[in-house]
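Just below is one structure, and these are the notes that go with it.
The values are calculated or read from the model by the stated rules, or taken from the named source; none is laboratory data. Predicted model, so just to flag it, every value in this text is computed and none were measured. Glycine gets a Cβ as well: all are built from the backbone with ideal geometry, and neighbour counts include every protein chain shown. Just so you know, the surface numbers come from the protein's heavy atoms only, side chains and all, with ligands and any DNA or RNA stripped out. Shrake-Rupley method; radii C 1.70, N 1.55, O 1.52, S 1.80 Å.
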Amino acid sequence: MALQRSKRGLEGRIGIALFLLASVHIASAQDSWELAMRGEFGIPQGYVQVRENEIQGTRLDLRHDLGIETSETFGLEGVRRFSNGSDLRLSVDVLLLYGSTTLPSDVFFNGATLQGGTRLETRPFFLRVNALYERPLAHLAGGGSLAAGVGFSYVLLNFRLQGTLAATTRDSETSEDFLTQELPVPLLTLRFELPIARTFSLTSVVTGGWLPSVNSLRSEGGIVRISQGHADVSIGMCRRLGAKVRLDATIHGSYFTQHEVSREDDNDIRLRSVGVGLALGTCF
């Protein structure tokens with residue numbers, strides 16, 4: 001009798017385990033992945049200024065002083081869509097801010113003096129990583145949705161100039177690696193989508209974040225303090241090309257600022273841009 005009870009108990013536990021495994025499999029089957037590639041063409045504005053010790057850097061306007069007329073962005077985004085309606089988003093974007101100009105006079109950058117009357121090329125490295133977790137806030141009439149999320153942004157920026165050094169220059173380095181003092185910046189986001197036809201949807205995304213002046217935990221001639229801000233606003237149209245493919249066309253405005261201060265350095269960059277972009281995504 002005891003053996004029969006033990007056998008029935010074992011069968012019951014096996015049944016429960018099989019049920020739980022089946023439940024997990026069903027839930028996992030409802031989850032999905034989405035991968036999207038995007039590109040954007042923009043018109044940038046802003047400036048960069050880099051001090052080295054007592055040599056105050058020249059404030060260089062991106063368009064008028066450095067000849068940066070346009071910007072191009074190339075990105076990749078992966079989205080993990082969970083069965084409860086939440087999303088985990090990871091994106092990587094490379095921003096090209098290339099420019100060329102002839103300097104009307106000497107300029108100072110990171111302690112170096114670049115000679116006036118010579119050609120100057122701007123070739124910065126600018127890579128941004130965003131990670132966001134989003135959950136639905138409301139389901140709207142007509143099948144629309146509103147979601148909110150939280151996450152962080154991390155920027156790798158090395159602002160590089162290529163030009164002729166003046167005979168009077170004290171230093172020879174013509175680049176500044178803002179990435180050395182970088183910290184993750186917290187982000188908040190709102191995402192809106194509203195179907196307006198069988199295969200078309202109106203979309204809008206607002207993302208922003210701010211890091212006040214804090215100790216970067218790095219030292220360069222003393223403690224380095226960093227402040228940084230991000231803002232991105234986009235509005236666009238989504239066209240579904242079948243069950244698993246979508247094409248997004250957007251108008252995008254962005255703002256980025258980073259400021260580093262120490263006894264040795266005072267480095268400041270501001271970047272604003274408005275552009276248009278396309279993204280092609282597929283789910284699997």
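Could you check the stretch 157-181 and list, in sequence order, the residues that are assigned to a strand (DSSP E or B) and either surrounded by fewer than 18 Cβ atoms within 10 Å (Cβ to Cβ) or touching a Cys at 6+ places or on another chain (Cβ under 8 Å) (or both)? Of everything in the stretch 157-181, those that are assigned to a strand (DSSP E or B) and either surrounded by fewer than 18 Cβ atoms within 10 Å (Cβ to Cβ) or touching a Cys at 6+ places or on another chain (Cβ under 8 Å) (or both) turn out to be Asn158, Arg160, Gln162, Leu165, Asp171, Ser175, Asp177. Would you check which residues across the stretch 183-215 are at pLDDT 95 or above and among the hydroxyl-bearing types (Ser, Thr, Tyr) and list them? Those that are at pLDDT 95 or above and among the hydroxyl-bearing types (Ser, Thr, Tyr): Thr189, Ser201, Thr203, Ser204, Thr207, Ser213. Take the residues of the stretch 49-76 that are part of a strand (DSSP E or B) and more than 20 Å from Gly221 (Cβ to Cβ): which is most open to solvent (accessible area, probe 1.4 Å)? The extreme case among them is Phe74. Can you give me the number of residues within the stretch 83-105 that are open to solvent by 70 Å² or more (accessible area, probe 1.4 Å) and not in a strand (DSSP E or B)? Residues flagged as open to solvent by 70 Å² or more (accessible area, probe 1.4 Å) and not in a strand (DSSP E or B) within the stretch 83-105 amount to 3.
Among the residues of the stretch 121-147, those that are in a strand (DSSP E or B), of a type in the set (A, V, I, L, M), open to solvent by 30 Å² or more (accessible area, probe 1.4 Å) and farther than 30 Å from Phe109 by Cβ comprise Leu137, Ala138, Leu146.
Annotation: of all residues in the stretch 251-284 being farther than 20 Å from Asn158 by Cβ and β-branched (Val, Ile, Thr), the one that is least open to solvent (accessible area, probe 1.4 Å) is Thr282. For the stretch 224-239, does any single residue satisfy the condition of being within 30 Å of Arg51 (Cα to Cα) and charged (D, E, K, R)? Taking every residue of the stretch 224-239 in turn, at least one turns out to be within 30 Å of Arg51 (Cα to Cα) and charged (D, E, K, R).
In the stretch 182-191, how many residues are assigned to a strand (DSSP E or B) and surrounded by fewer than 17 Cβ atoms within 10 Å (Cβ to Cβ)? Outline the logic, then answer.
At the first step, the residues of the stretch 182-191 found to be assigned to a strand (DSSP E or B) are 185-191.
Those left that are additionally surrounded by fewer than 17 Cβ atoms within 10 Å (Cβ to Cβ): 186, 188, 190.
Residues that pass the stated criteria total 3.
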